[in-house]
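Below you'll find the structure, written out as structure tokens, and then a few comments.
Every number here is computed from the coordinates shown, using simple stated rules; none is lab data. Everything quoted here is computed from the prediction, not taken from an experiment. Ideal geometry is used to build each Cβ from the backbone, glycine not excepted, and the neighbour counts take in all protein chains shown.
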Amino acid sequence: MKILKAEMKLMGITIKELSTEMGVTVGTVSNWIHGNNEPTPRHTKRLRGLGFSDAACLEPGKEMEV
């Protein structure tokens with residue numbers, strides 16, 4: 001499972017909820033999860049503030065074991 005998606009699941013946060021909290025579109029969060037692009041430094045800072053790990057912020061689309 002992708003790192004960001006796994007952490008969202010653990011926190012009980014949906015893509016829609018995260019996109020609203022981050023002020024981005026659902027498509028943007030989906031692109032982060034699928035590794036199509038990465039969060040900007042501003043978004044990375046916000047993700048960390050929400051409790052996401054460095055790995056989820058810097059490599060959101062990377063695969064990990066859950």
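Please sort by residue number the trypsin sites (Lys or Arg not before Pro) in segment 17-49 whose DSSP state is loop and whose Cβ has at most 15 other Cβ atoms within 10 Å. Passing sites in segment 17-49 do not exist. Spin-label pair THR25-LEU50: with each label point 7 Å from Cα along the Cα-Cβ axis, the two points sit 1.7 nm from one another.
Residues LEU4, LEU58, LEU18, LEU10, ranked from the fewest to the most other C-beta atoms within 10 Å, line up as LEU10, LEU58, LEU18, LEU4. In this calculation the C-beta distance from GLU17 to GLU63 is compared with R0 = 35 Å, giving a FRET efficiency of 0.95. Here is how the number arises for the chain: DSSP H runs of 4 or more residues each give -39500 (n - 2.57), the sum is divided by the residue count, and the result at 222 nm is -16000 deg cm²/dmol. Towards the positive end of the charge dipole of segment 9-66, with charges on Cβ (+1 Lys, Arg; -1 Asp, Glu), say which of LEU58, HIS43, VAL29 has the farthest Cα. In segment 9-66, that residue is HIS43.
Looking at the square roots a ≥ b ≥ c of the eigenvalues of the Cα gyration tensor of the chain, which shape do they give, rounded for a/c under 1.5, prolate if a/b is larger than b/c, or oblate? In terms of gyration-tensor shape, rounded.
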